[in-house]
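The values are calculated or read from the model by the stated rules, or taken from the named source; none is laboratory data. These figures come from a predicted structure and were not determined experimentally. Positions of Cβ are backbone-derived with ideal geometry, glycine not excepted, and every protein chain shown enters the neighbour counts. Remember, those area values only see protein heavy atoms, side chains included, never the ligands or the DNA or RNA. Shrake-Rupley method; radii C 1.70, N 1.55, O 1.52, S 1.80 Å.
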Amino acid sequence: MEFESILLPGISEQRPLIIAGPCSAETEEQVMTTARELAQKDIRIFRAGVWKPRTKPGGFEGVGLPGLIWLQHVKKETGMYTATEVATKNHVIEAVKHNIDMLWIGARTSANPFAVQEIADALKITGFMGPVLIKNPVNPDLELWIGAIERIYNAGLRKIAVIHRGFSSYDKKIYRNLPQWHIPIELKRRIPNLPLLSDPSHIGGKRELIAPLCQQAMDLNYDGLIIESHCDPDNAWSDKEQQLTPDVLSYILNMLVIRDTKQTTENLNELRKQIDEIDDELLAVLAKRMRISREIGQYKKERNMPVLQTVRYDEILEKRTSVAVNMGMGAEFMKTVLEAIHEESIRQQIEVLNQ
């Protein structure tokens, strides 16, 4: 798939592209006040949800059509471009009718192929050519995310980007939605020319997490950020814990360190060469470990011993993880590595037993 730039006329090509505004359009006064303050901070694209899908009924689900009229007022008064979320055919039709410049498809919607196809068909009917931004599905399913991209692409749109907003989890955690950075990184590997934006508001869920998440996204070479900003966050009608005032948002953006991607790569190439060599060594060591595992499997087979030795495995997991942490590696990372190695070792031993 080949994509066109999502940059609108007059928007700088310098990273990061910034899209900001309240989670929800609540009142015309709130929308206009926030937009004016963001425009003073040189934010050029204003976002606000007018239809808000909520987990449970009874909550604030958006103002609907009046919000689109307010966004028109934002454009007329401030000169900002406007963006809003769409989840149905009617949403697309109304947004296009009200000259919304940029549309995004939310995480709940992108998880539903029927809904995405309905939006794709509506985009084709209205002649809207983008940009269209597609958030990752709520569940960590890369193929489902790619499927949503393909449906919009097949409708004839080329100004497409994706938004990484993290993935839902039942467990209690630091983040509102787990980043699982490896998923958008793999998406970028598969589709290198697809613009990638981060949504630190929905990943973090707390104001204090926004700044470090923004920096991490920039360090991973994301193209832009879509951030929730409200003139009075503490009294927001939705997602008040994760919204920033325009002043705080401006401070965070000004503190970002943007790495120079055009610097000489000679030293980087040398470092990558070292990584390649170390990876070769790792593979050789793992192959040796699996050979020994097969010998252990043969030993157990001859003595009619069970393959899985739970006590031994627990000891290895605890000791190796502790050593790894002392060496500067994450405990969860090492646990994942050791579990994968153990699973393959068991497979190797079972294969010997069945010979």
Of all residues making up the range 298-355, the number that are assigned to a loop (DSSP other than H, G, I, E, B), closer than 18 Å to residue 286 by Cβ and among the basic types (Lys, Arg): 0
Among (1) in contact (Cβ under 8 Å) with a residue 24 or more places away in the chain; (2) closer than 30 Å to residue 180 by Cβ, the one test that residue 276 misses: (1)
Among residues of the range 337-352, those that are in contact with a Lys or Arg (Cβ under 8 Å, 6 or more places away or on another chain), of a type in the set (A, V, I, L, M, F, W, C) and exposed (fewer than 14 other Cβ atoms within 10 Å of the Cβ), counted: 0
Residue count, the range 4-49 (criterion: under 20 Å from residue 63 (Cα atoms) and touching a Lys or Arg at 6+ places or on another chain (Cβ under 6 Å)): 2
Subset tally (residues that are assigned to a loop (DSSP other than H, G, I, E, B), more than 24 Å from residue 6 (Cα to Cα) and free of Cβ contacts under 8 Å to residues at least 60 places away in the same chain) for the range 26-53: 2
Candidate set: the range 313-336, residues that are open to solvent by less than 70 Å² (accessible area, probe 1.4 Å) and either in contact (Cβ under 8 Å) with a residue 12 or more places away in the chain or of a type in the set (Ser, Thr, Tyr) (or both); chosen: the one nearest to residue 354 (Cα to Cα): 313
Enumeration of residues in the range 165-222 that are open to solvent by 80 Å² or more (accessible area, probe 1.4 Å), acidic (Asp, Glu) and either assigned to a loop (DSSP other than H, G, I, E, B) or in contact with a Ser or Thr (Cβ under 7 Å, 6 or more places away or on another chain) (or both): 171
Residues satisfying the stated conditions in the range 296-307, i.e. at negative phi and open to solvent by 100 Å² or more (accessible area, probe 1.4 Å): 299, 302, 303
Cross-chain or 6+ apart pairs with Cβ under 7 Å, the range 283-312 first and modelled with pLDDT under 85, then open to solvent by 70 Å² or more (accessible area, probe 1.4 Å) and in a helix (DSSP H, G or I): 307/350
